[in-house]
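No value in this document is a laboratory result; all are computed from the given coordinates. Not measured: the values here are computed from a predicted model. Here the Cβ positions follow ideal geometry from the backbone for every residue, glycine too, while neighbour counts run over all protein chains shown.
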Amino acid sequence: MLLGIESSCDETAASVVARDGRVHASVIASQIPVHARYGGVVPELASRNHLVAMGPTIASALSEAGVTAQDLEGVAVTAGPGLAGCLLVGLQAAKALAWSLGVPLVPVNHIHAHVHAPFLKDDAWDGAPTLRFPHVALAVSGGHTSLMRVEAPGVVRTLGQTLDDAAGEAFDKLAKLMGLPYPGGVQIDQLAIDAAANGLTDAPLPRPLLNKGLDFSFSGLKTAARQRWEALPPEARDRTAQARLAAAAQAAIVDVLVEKSVAACRIEGLRQLVLAGGVACNTGLRAGIAAAARRHRLEAFVTPARYCSDNAAMVAGLGQALLSAGHGLTGSALLSADIFVTQRTGPTPAGGTAR
Ligand code: KG4
Ligand code: ZN
């Protein structure tokens, strides 16, 4: 059994995962109510709330899994990328626990953990027995939009990434523009569902950088959406107008994400595609990737929604794979482990940080 800890943004999470990837507990203490009134995550508030929630969240995960700390074979923790003050809370908790128990510490890259999530298993998900390395993965979250070639657990090569806003940020900013509460991605998703159910459509919005390499850009699309919204007289900015704009923006974002994922598979000569990260909860994106996979004879692995948005099961799952590959830290390497704030391309080097 391995304990995973996640605190890179506004979710305090702890999970217990077995060596075969089976999730025995996945506890998430959300801070959404703390940040909603500010319309986004306030880093200092997030760190302070992680401090309050960390101990009880770890205790809940252990008790839900029916284990004690002494049963743990290691502690995995998100060590980056993320908000520095938030990462530090999780890292220090993990170091203290691993050191006191005499078990290895496994620092994990948050994005690599997202794309490893399909390998988890639980009573309703059998994992991904046919998923092989290398494969292509699209990680879409509030902070990242990355297309990667995944060579092995935690060993990735970035093929393309966003040049400005992440996809989740584009969803959240669009929602904020229309006066919807934070986090807005799920609201846009629901509005787009309502639009489809009621036959509401709008003129297409731009698909930035479509057919131009594997990098993404969402700022132009965001501006086009804002201009369209602000051109409406205030009395016309009702739920119908919100649904029309949400559907048009989501269609543009999904189109770009799907087309580039397919292009990445073609360029790399790979047929397996993983979809992960908070934005992978989006019903339009899930359907779009599944349809494109059928069209292009690809095998799509769409992570179950409960392991898409930030959670610690994905951290523990990748931690297990890295631990069995010999990447656990002990002794002075454990004590000197630090957060690293940029994305790594290789496994955690024995001895500490990677930048
Ligand atoms: O992976 P995640 O939980 O945290 C980060 O690592 O950033 O992703 C959070 C992002 C937010 O931008 C949120 O609005 C977005 O995922 N999101 C969605 C949906 N559910 C969450 N975006 C679109 N549609 C959804 N259903
Ligand atoms: Zn995330």
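Observations
- Span from the segment 235-304 Cα centroid across to the segment 149-221 one, whole angstrom: 9
- The angle between the Cα long axis of helix 313-324 and the longest principal axis of the Cα atoms of the chain comes to about 50 degrees, rounded to the nearest 10.
- Whole-number D in µm²/s for the chain (Stokes-Einstein; Kirkwood sum over Cα pairs; 10 °C, 1.306 mPa s): 77
- If the chain linking Asp338 and Ala96 were pulled fully straight, counting 0.36 nm for each residue of separation and taking away their Cα-Cα distance, it would gain 85.8 nm.
- Inverse of mean 1/r across different Cα pairs in segment 3-84, Kirkwood, Å: 13.3
- On Cα atoms only, tilt of 219-230 relative to the major axis of the chain in degrees: 50
- Comparing Val34, Val258, Val279 in a Gaussian network model of the chain where C-alpha atoms under 10 Å apart are linked, the largest mean-square fluctuation is found at Val34.
- Neighbours of Arg306, meaning other residues whose beta-carbon lies under 13 angstrom from its beta-carbon, give a summed charge of -3 when Lys and Arg score +1 and Asp and Glu score -1.
- Ranking Ala84, Trp99, Ala113 by Cα position along the charge dipole of segment 61-154, where only Lys, Arg, Asp and Glu carry charges on their C-beta atoms, puts Ala84 farthest toward the positive end.
- Note on the chain: GNM, Cα springs under 10 Å; of Glu64, Glu235, Glu259, the largest mean-square fluctuation is that of Glu235.
- The C-alpha atoms of segment 207-291 occupy a region whose extents along the principal axes are 51, 24, 19 Å, arranged from largest to smallest.
- Selection of trypsin sites (Lys or Arg not before Pro), segment 135-218, meeting DSSP coil and at most 11 other Cβ within 10 Å: Lys212
- On Cα atoms only, tilt of 283-296 relative to the major axis of the chain in degrees: 90
- Our Cα-only numbers for segment 144-249 put the radius of gyration and Dmax at 15.7, 54 Å.
- Each residue, His296 and Thr223, gets one label point 7 Å from its Cα in the Cβ direction; the gap between the two is 2.8 nm.
- The dipole here belongs to the chain: it is taken about the Cα centre, uses +1 on the Cβ of Lys and Arg and -1 on the Cβ of Asp and Glu, and is about 800 debye.
- Highest mobility in the GNM of the chain, judged by mean-square fluctuation with C-alpha springs under 10 Å and restricted to Ile188, Ile111, Ile32, is found for Ile32.
- Partners of Lys121 within straight-line reach, counting aspartates and glutamates whose Cα lies under 12 Å from its Cα and excluding those fewer than 8 residues away in the same chain: Asp20.
- Rounded to 5, the percent of DSSP beta bridges in the chain classed as antiparallel: 60
- Ratio of the Cα radius of gyration of segment 1-146 to 2.2 N^0.38 Å, where N counts its residues: 1.05
- Fraction of the pair-distance distribution of segment 70-137 above 16 Å, Cα-Cα pairs, percent: 59
- Ignoring aspartates and glutamates fewer than eight residues from Lys212 along the same chain, the ones with Cα atoms less than 18 angstrom from its Cα are Asp164, Asp165, Asp255, Glu259, Glu268.
- For Lys176, the lysines whose Cα falls under 27 Å of its own Cα, not counting residues fewer than eight places away in the same chain, are Lys222, Lys260.
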